[in-house]
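Right, one structure below, let's go through it.
All of the numbers you see were taken from the coordinates with simple rules; none came from a lab. In this text the structure is predicted, and so the values were computed from the model without any measurement. FYI the Cβ positions are ideal-geometry reconstructions off the backbone, even for glycines, and counts take in every protein chain you see.
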Amino acid sequence: MKRFVSVVLALILVLGFSMTAISEGWGNGKIPKGLSKKIFSDIDDFKWAEKAIEKMFQKGLIKGIGDNKFAPNSPVTKLEVIIMSLRVMGWEEEAAKITELPKEYKGEKVDKWADGYISLAYQKGILDDVDMMYFKPLDHALRHEVAKYVVRALGYEKEAQKNMNKKLPFVDASLVPQGSVGYIYLMNEFGLMVGDNQKRINPLGTMNRAEMATLFSRVDDKVDTGKDKTVSGEITRIMTIEYW
């Protein structure tokens, strides 16, 4: 009985410490207030994207441009979207092992370091045969193109093709290219692209880095959904507390 009470007291102390740590912000990868350090110095005007930027940076899914800068208002290129799509799906290491472009690639020339990203994106179906012919990696990515890359990365290409004739709930739906309707439809259904306060999706507009961080933070949450959240461990020591 004495040893049983000792173990119970030890567990209470351990659990009490754990709950205190969680309540102070150590849970879920958060840093307690007062200990956090500002990651980027140029995102103060992007409060709506700040949490997403910091989350994605801490997970190693986005990077700054150097000198403690993120350049949140800079438009993203098609290549950057492809890289982000591969990263959020956990495929970047696989891309790093590839050193050649696909033989089908006839698009604009890219730096050698990017060959693996384009090759793997083609293997994973993010880029298709048409992209291989006309891909312009350094062009600014249009929003309907971003939708296409993301939906394909998530593995919903067939579903997108089935929904190409859907009526979209946006006031500027007529601006969505016919071949992108299914992708925009699914992005809206998934809650990844929901339009602005005036129900505009701006399909032919570009996307800046702050918007990209926000979008891919949502994508990351979707990818994580359904994964095993069970925490396992091993008991290495049980303390005995003597009492009087």
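In the range 67-208, taking the dipole from charged Cβ atoms about the Cα centre, the farthest positive-side position among Val151, Ala173, Ala121 is held by Ala173. Derived scalar couplings between HN and Hα for the range 121-132 equal 4, 5, 4, 7, x, 6, 10, 10, 5, 5, 4, 4 Hz in order, rounded to whole Hz, by the Karplus curve 6.51 cos²θ - 1.76 cosθ + 1.60 (θ = phi - 60°), x for Gly and Pro. Rounded to the nearest Hz, the phi-derived 3J(HN,Hα) couplings of the range 108-115 under the Karplus curve 6.51 cos²θ - 1.76 cosθ + 1.60 (θ = phi - 60°) are 5, 5, 10, 4, 4, 5, 8, 4, where x marks glycine and proline.
Rounded if a/c is under 1.5, else prolate if a/b is larger than b/c, else oblate: which is the range 82-126, with a ≥ b ≥ c the root eigenvalues of its Cα gyration tensor? Taking the square roots of the gyration eigenvalues as a ≥ b ≥ c, the range 82-126 is prolate. 3J(HN,Hα) along the range 188-194: 6, 4, 7, x, 8, 10, 10 Hz, from the Karplus curve 6.51 cos²θ - 1.76 cosθ + 1.60 with θ = phi - 60°, whole Hz, x for Gly and Pro. Remark on the range 49-203: hydrodynamic radius 16.5 angstrom, per the Kirkwood mean of 1/r across alpha carbon pairs. With a simple spin-label model that places each label point 7 Å from the Cα along the Cα-to-Cβ direction, the separation between Leu138 and Lys199 comes to 4.1 nm.
Listed peptides 122-128, 39-45, 106-112 appear in the order 122-128, 39-45, 106-112 once ranked by packing, highest mean of other Cβ atoms within 10 Å at the front.
Measuring between alpha carbons in the structure, the pairs from Lys166/Lys199; Lys55/Lys162; Lys55/Lys78; Lys59/Lys109; Lys59/Lys97; Lys69/Lys124 lying more than 28 angstrom apart are Lys55/Lys162; Lys59/Lys109; Lys69/Lys124.
Extension gain for Asp45 to Asn73 (0.36 nm times residue separation, less C-alpha to C-alpha distance): 9.1 nm.
Principal axis extents of the C-alpha atoms in the range 45-91 (largest first, rounded to whole Å): 31, 21, 21.
Residues whose amide H falls under 5 Å from that of Phe40, counting only those 5 or more places apart or on a different chain, are absent, with hydrogens built in the peptide plane. Put simply, the range 88-167 fits an ellipsoid with semi-axes of 23, 15, 11 Å; these come from the alpha carbon gyration tensor as the roots of five times its eigenvalues, largest first.
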